[in-house]
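Presented below is the structure to which this report refers.
The values are calculated or read from the model by the stated rules, or taken from the named source; none is laboratory data. Treat the numbers as computed from the prediction; the structure is a model and nothing was measured. Cβ placement follows ideal geometry from the backbone for every residue including glycine, while neighbour counts extend to all protein chains displayed. To get the accessible areas, we keep the full protein, side chains included, count just its heavy atoms, and leave off ligands, DNA and RNA. Shrake-Rupley method; radii C 1.70, N 1.55, O 1.52, S 1.80 Å.
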Amino acid sequence: MVQAKTWVLTHHFEGFPKDSNFELKLEQLPEPKDGEVLLEALFLSVDPYMRPFSRVRMKEGEVMIGTQVAKVIQSNNPTFPVGCHVVGRCGWRTHTVSDGTGLTCLLSDWPQDVSMSLALGAIGMPGLTALYGLEEVLGLQAGETLLVNAAAGAVGSIVGQIAKIKGCRVVGSSGSDGKVAFLKELGFDEAFNYKTVGSLEEVLKTASPDGYDCFFENVGGPFSSVAIPQMKEFGRIAVCGSISTYNDTNPQTGPYPHLTMIFKQLKMEGFMVGRWEHKNPESLMRLMAWKREGKLQCREQVTEGFENMPAAFMGMLQGENIGKAIVKV
């Protein structure tokens, strides 16, 4: 019998998460039945969505939601033989008994010199989010100018690189000088630290005097209020995240963009990556091909130790990571 370590949500978050919101527990797992497998986590993901989704998808006392790369160590399911590696929404736990529902095998030709942790990042959900936001929501075209905020994060850094692959001009905003340097390494045409600029409006105008065709929105709040008036007529906005509002105890209010959207005839669409799940196999192969061709750089911030899951999660929400935040068991 295997003993799993799990992190449970003791109380729903009020404001920014605290250590007291989490409790490390041990769970005795049964032997896998017919059709079931036993998984051992190798890498776990911490992502911004966990903060708002925990409120609507979880009850207090449940294991924290999340995705992991795991190895099959026992199997009574021929689809997932012992030794194969899968991505699964198993939550914050070291071991899981699964009937296979929701498990996805890693690409069969996954290169040996590419860390499997990238299946939680650039060659996984964040990479797919970037790709679908650009292609399915924005319909980004060569020669257009794209603005992306939280640009040094797991999604934003891939957004900018794919836009460059597509022949676009890219302007990125991030929250430290180190992140700005990273964006320059990635080939962003313009990058700035929104925390140190004198005027966000002026820096956006300077970076693209003619405005922006597309805006990949990860932040929300005051940034959005300043950015939307900088859009070109018929501009398109993909709303992927709103991390500046996730920890608010009181909802932010105004200014409101409606007149600007009317006068400039803007299109704004929220989206979640699961809408295009049927395209994932092909899309993951495209992302991996860009990685192997050297067109996609995949920066990770790896925290060692399952016991550090809450610290990694809170650090990610504070913007400590460059690229994808990962926990290695």
What is the residue count in the range 53-64 for residues that are in contact (Cβ under 8 Å) with a residue 24 or more places away in the chain and not in a loop (DSSP other than H, G, I, E, B)?
3
Among the residues of the range 274-283, is there at least one that is under 21 Å from the mean Cα position of the chain (by Cα) and basic (K, R)?
yes
Hits in the range 239-255 - residues which are assigned to a loop (DSSP other than H, G, I, E, B), more than 17 Å from G156 (Cα to Cα) and hydroxyl-bearing (S, T, Y):
Y246, T249, T253
Just one listed residue, out of I237, I322, is open to solvent by 20 Å² or more (accessible area, probe 1.4 Å) and either closer than 27 Å to R51 by Cβ or of a type in the set (D, E, K, R) (or both), and it is I322
Residue selected from the range 157-173 under the condition open to solvent by less than 20 Å² (accessible area, probe 1.4 Å) and free of Cβ contacts under 8 Å to residues at least 60 places away in the same chain, by the criterion nearest to Q318 (Cα to Cα):
S173
Could you say which residue among L42, L26 is among the hydrophobic types (A, V, I, L, M, F, W, C), in contact (Cβ under 8 Å) with a residue 12 or more places away in the chain and open to solvent by 80 Å² or more (accessible area, probe 1.4 Å)?
L26
Checking E282 against (1) closer than 30 Å to G102 by Cβ; (2) crowded, with 17+ Cβ neighbours inside 10 Å; (3) free of Cβ contacts under 8 Å to residues at least 24 places away in the same chain; (4) not aromatic (F, W, Y): exactly one of these is not met. Which one?
(2)
Just checking, how many residues over the range 251-271 are exposed (fewer than 12 other Cβ atoms within 10 Å of the Cβ) and within 25 Å of the chain's Cα centre (by Cα)?
1
When you scan the range 289-309, how many residues do you find that are more than 17 Å from the chain's Cα centre (by Cα) and in a helix (DSSP H, G or I)?
7
Any chance the range 225-238 includes a residue that's at negative phi and assigned to a loop (DSSP other than H, G, I, E, B)?
no
Within the range 174-219, of all residues that are in a helix (DSSP H, G or I) and of a type in the set (G, A, S), the one least open to solvent (accessible area, probe 1.4 Å) is A207
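Listed here are the residues, each with its yes/no results for (1) open to solvent by 40 Å² or more (accessible area, probe 1.4 Å); (2) in contact with a strand residue (DSSP E or B) (Cβ under 7 Å, 6 or more places away or on another chain); (3) assigned to a helix (DSSP H, G or I); (4) at pLDDT 95 or above.
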{"site": "G66", "(1), (2), (3), (4)": "no, yes, no, yes"}
{"site": "I73", "(1), (2), (3), (4)": "yes, yes, no, yes"}
{"site": "P81", "(1), (2), (3), (4)": "yes, yes, no, yes"}
{"site": "L107", "(1), (2), (3), (4)": "no, no, no, no"}
{"site": "I123", "(1), (2), (3), (4)": "no, no, no, yes"}
{"site": "T129", "(1), (2), (3), (4)": "no, no, yes, yes"}
Which pairs have Cβ atoms under 6 Å, sit 6 or more apart or on different chains, and link a residue in the range 248-277 that is closer than 20 Å to L140 by Cα to one that is open to solvent by less than 100 Å² (accessible area, probe 1.4 Å) and among the basic types (K, R)?
K267/R236
